[in-house]
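A.B. asks: My questions all concern the structure below.
The values are calculated or read from the model by the stated rules, or taken from the named source; none is laboratory data. If you're wondering where the values come from, they're calculated on a predicted model, not measured in any experiment. As a convention, Cβ positions derive from the backbone with ideal geometry for all residues, glycine included, and neighbour counts pool all protein chains shown. Quick note on the areas: whole protein, heavy atoms, side chains included, nothing else; ligands and nucleic acids left out. Shrake-Rupley method; radii C 1.70, N 1.55, O 1.52, S 1.80 Å.
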Amino acid sequence: MADNWPNDAALLEAVIEFLRDDLRLQLTENRLRYNTLIAVNLLGIVKRGIEQQAENHREEKDLLQALLDSPGECDQLNRLLCKEIDEGRWSTKDASLQQTLLKIAVKKVAIDNPLYSTYQQLTQGKTP
Amino acid sequence: MVAEFIEKLSQGLRDSFGITLHAESVKALSGGAATEIYYGEISAATEHHKPAVIRRSHGGKPFAGALSKRQEAAVQAAAHRYRVPTPAVYCDFQDHWGIGEGYVMEYCRGETLPQKILRDDQFALVRGDLTTLCGTTLAAIHQVPKTAVSMLPQRTAQESLTILRNIYDSYALDLPIFNFAFRYLTERLPTKHAMTLVHGDFRLGNLMVDTATLLAVLDWELAHIGDPMEDLGWLCVNAWRFGNSDLPVGGFGLREALFEAYEATTGTRVDPHTVQYWELFGVLKWGVICLYQTQVHLKGEERSVERAAIGRRVSETELDIMNLIVHGWN
C-alpha cells in the first residue's frame, strides 16, 4: 500500500515553512523567536532522518558486524563493542576500529547537522 | 514570582547592607540553564543609581561539579582581587532573605555573543589581540593563589576523567566512540601536573569584549582546582570555534600565539601535547554535558525544545573525537 499522501517529509516541510517564514516573523519576544528556530531545526533533522535513517542503520549494522565478526542488531552490536573497548580488547591505534567509528559518526552528523564545520571538511575533501 | 523575588531582595539588601535596590530599574537578562540574571540599579552611601547585575540560582539541577552561588561569588571575588578582569562582587544573598542563593556584582558594558565578536567589523581590532589577551588572562587566573580559592573542589586529571566517566555511565547509553575516547584519554593521562585555579568554561560566550579589549571573564560556575592546561584545551574545543574551525583558539587565533602569551606571563613552558589531551577531554566533556541536558528534558525535570535539540549535538562531538584521533590536531 502506498504511503499516505503527501508523505511525511512533505508535511514536515510545510510545518517548517510555516514556522520559519510566517509565525516566527510575527513574534516579538526574543525567547520565542529563538525557540521557534530551534523547532524548525529539529523538524529538519526529523525530515533528514526519514530520508537517511534506514540506510544509516543498515550501514552501521554491516560495519559493526564486520568489525566484531558477530551477527546481531545495532543495539546489541554497540553494547558489545563498548564492552570490548572497556575490557581493553581493542588497541586505540586499530585502523579498522578507527575507520568504522569515523564512518558511523559522519553518517550520524549527516542527519543531525550537515552544516557542521567538521562534517563539511570531511565530506568536501578539504584537509581537516 | 519575580515581583516577590525583587521585593524580598530589596528588603534584604536594605536590612543587611544598607543598599537600596531601585525596583523599577530591574529587568531580566538572559541566563544559563542554572542561573537567572537581572540588571538593576543600586544606591548606597556615596553612590547613586549604580548599575549592577544580580545572579540568582535557578533552583534547577546543576551539572555535577557546578559550584553553588556562594562558592561562585567567592571565587569571582578572589579572582577580581588578584587582578583577573572580572566583575567585582558587591554582596551575597543572605539565607534569611528566603530567596535562595545568589549575589550582586558590578555591571560591565560589552559584547558576549560569540557570533558578533567573531563576525562584526567593529570587533576586528580586538579579534586580532584576543588570542594574546586570552593567554595573559588565563595566566592571571592560574596564578591566583590556591589559598585564596580553598573553597573549591580539587581534581587531578585522573579524578576529572573518572568523574566524567561516572556521569556518562549513569545514563547507560552505549556510545562506542565515547568509550573509545575514555580509553584513549586514560592511556595519555597527564601524570605530574600543576594544581591551580581553573576557570572551567573559558570560551566565547563567557568572555565580554568591547572594541578595544577583553573586558571581563564571566561565569565561574565550573571553577575548580586542577591542571591549568584544561583551560587552554577547552578554549580549542571545536564547538567553541563557532564555525571558524581553521582558527583553533576560540575561532579567533592560533595555538602558538596563545601559548606564547601564556608562557611570557607565567614563565612556564606549555606542552602542546598536554593541551591536545585537554582539548580531546573537552570535546568529550561537552558531549557528556549534552547528554546531561538532554536527560534533564527526557526525565521530565525541566522540559524544553532547546534541551531536546541538544541531544542531536552529541553526534557532533562524536565526529570531533574521531576526527582528532584519526586525522590529528590542527
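A.B. asks: Within segment B:199-278, which trypsin sites (Lys or Arg not before Pro) sit in a loop by DSSP and count at most 15 neighbouring Cβ atoms inside 10 Å?
C.D. replies: B:Arg269
A.B. asks: Carbon and sulfur together cover what percent of the accessible area of segment B:262-322 at a 1.4 Å probe radius?
C.D. replies: Details: 1140 of 2290 Å².
Its accessible area is 50 percent carbon and sulfur atoms.
A.B. asks: What lysines could a cross-link reach from B:Lys8, if we take a straight Cα to Cα line under 17 Å and drop same-chain neighbours fewer than 8 places away?
C.D. replies: The reachable lysines, counting only those whose Cα sits under 17 Å from B:Lys8, are B:Lys27.
A.B. asks: If exposed means no more than 16 neighbouring beta carbons inside 10 Å and the site is in a DSSP loop, what's the longest run of chain B without any exposed GluC sites (Glu not before Pro)? Don't skip to the answer; put the middle values down first.
C.D. replies: Details: sites that count: B:Glu47, B:Glu187, B:Glu301, B:Glu302.
Longest stretch, sites excluded: B:48-186.
A.B. asks: Could you give the length gained on full extension between A:Gln52 and A:Asp22, defined as 0.36 nm per residue of separation minus the Cα-Cα distance, in nm? Let's see the in-between values first.
C.D. replies: Numbers: separation 30, 0.36 × 30 = 10.80 nm, distance 2.79 nm.
Extending this stretch completely gives an extra 8.0 nm.
A.B. asks: Between segment B:233-290 and segment A:61-98, how far is it from one alpha carbon centroid to the other, in angstrom?
C.D. replies: 31 Å
A.B. asks: Which of B:Pro114, B:Thr86, B:Thr162 sits closest to the plus end of the dipole of segment B:84-190, meaning its Cα is farthest towards the positive end, when Lys and Arg get +1 and Asp and Glu get -1 on the C-beta?
C.D. replies: Comparing the listed Cα positions along the dipole, B:Thr162 ranks first.
A.B. asks: Sticking with this one: Modelled label-to-label distance, A:Gln124 and A:Glu13, 7 Å Cα→beta-carbon offset: nm?
C.D. replies: In this crude label model, A:Gln124 to A:Glu13 measures out at 2.4 nm.
A.B. asks: Counting Lys and Arg as +1 and Asp and Glu as -1, each charge on the Cβ, what is the dipole of the protein assembly as shown about the Cα centre in debye, to the nearest 20?
C.D. replies: 520 debye
A.B. asks: Let me ask something else. I'd like to know which of B:Asn330, B:Leu280, B:Ser315 lies farthest towards the positive end of the charge dipole of segment B:268-330, counting +1 on Cβ of Lys and Arg and -1 on Cβ of Asp and Glu.
C.D. replies: In segment B:268-330, that residue is B:Ser315.
A.B. asks: Further question on the same structure: Please state the charge dipole magnitude for segment B:263-330, taken about the Cα centre, from unit charges on C-beta atoms (+1 on K and R, -1 on D and E), reported in debye and rounded to the nearest 20.
C.D. replies: Working: 7 positive and 9 negative charges, 49 e Å.
Magnitude of the dipole: close to 240 debye.
A.B. asks: Span-like helices, chain B: DSSP H, alpha-carbon axial extent 30 Å or more, mean Kyte-Doolittle -1.0 or greater, which ones?
C.D. replies: On the way: long enough: B:272-298 (39 Å, 0.34).
Passing helices, by number: B:272-298.
A.B. asks: Taking only C-alpha pairs under 8 Å that are 6+ residues apart, what is the relative contact order of segment A:1-71 in percent? Don't jump to the answer; show the numbers that get you there.
C.D. replies: On the way: 27 pairs, mean separation 23.9, N = 71.
It comes to 34 percent, rounded to a whole number.
A.B. asks: Another question, if that's okay. Based on the Cβ-Cβ distance from A:Ser70 to B:Glu187, what FRET efficiency comes out when R0 is 30 Å, to the nearest 0.05?
C.D. replies: Efficiency at R0 = 30 Å is approximately 0.75.
A.B. asks: Rounded to the nearest Å, what's the spacing between the alpha carbon centres of segment B:187-228 and segment B:66-143? Just the number, please.
C.D. replies: 11 Å
A.B. asks: May I ask you to list the aspartates and glutamates whose Cα is less than 17 Å away from that of B:Lys69, ignoring any residue fewer than eight positions away on the same chain?
C.D. replies: Partners within reach: B:Glu36, B:Asp92, B:Asp95, B:Glu101, B:Glu106, B:Asp201, B:Asp219, B:Glu221.
A.B. asks: For the protein assembly as shown, report the accessible area per residue in Å² (1.4 Å probe, heavy atoms, rounded to an integer).
C.D. replies: Numbers: 21820 Å² over 458 residues.
Result: 48 Å² of accessible area for each residue.
A.B. asks: Chain A: longest stretch without exposed trypsin sites (Lys or Arg not before Pro) (DSSP loop, at most 12 other Cβ within 10 Å), sites themselves excluded?
C.D. replies: Working: sites that count: A:Arg89, A:Lys93, A:Lys126.
Free of exposed loop sites, the longest segment is A:1-88.
A.B. asks: Follow-up question, since we're still on this one. Grab the DSSP H runs of chain B that are 4 residues or longer, score each as -39,500 (n - 2.57), total them, divide by all residues and round the 222 nm result to the nearest 500 deg cm²/dmol. Please list the in-between numbers first.
C.D. replies: Numbers: 11 runs with 146 residues, N = 330.
Only helices count here, giving -14000 deg cm²/dmol.
A.B. asks: Using only protein heavy atoms and a 1.4 angstrom probe, determine the accessible area buried between B and A, summed over both sides, in Å² to the nearest 100. Don't skip to the end; give the middle numbers.
C.D. replies: On the way: alone 15370 and 9420 Å², together 21820 Å².
About 3000 Å² of accessible surface is lost on pairing.
A.B. asks: Let me ask you something else. In whole percent, and with a 1.4 Å probe on the protein chains, what portion of the accessible area of chain A is carbon and sulfur?
C.D. replies: 52 percent
A.B. asks: Now, a different point. I want to make sure I understand the PRE zone here: with the label point 7 angstrom from the Cα of B:Gln115 toward its beta carbon, which residues in segment A:26-52 have backbone N atoms less than 18 Å away?
C.D. replies: The answer is A:26-45.
A.B. asks: Oh, and also: Just how large is the dipole of segment B:194-265 about the Cα centre, in debye to the nearest 20, putting +1 at every Lys and Arg Cβ and -1 at every Asp and Glu Cβ?
C.D. replies: Numbers: 3 positive and 11 negative charges, 33 e Å.
My answer is approximately 160 debye.
A.B. asks: Let me ask you something else. Relative to the first principal axis of the alpha-carbon coordinates of chain A, what is the inclination of helix A:95-112, with its axis defined by its Cα atoms, in degrees from 0 to 90 and to the nearest 10?
C.D. replies: 10 degrees
A.B. asks: Still on this structure: Rg and Dmax of segment B:1-145, Cα atoms, in Å?
C.D. replies: Taking only Cα atoms of segment B:1-145, I get Rg and Dmax of 16.8, 48 Å.
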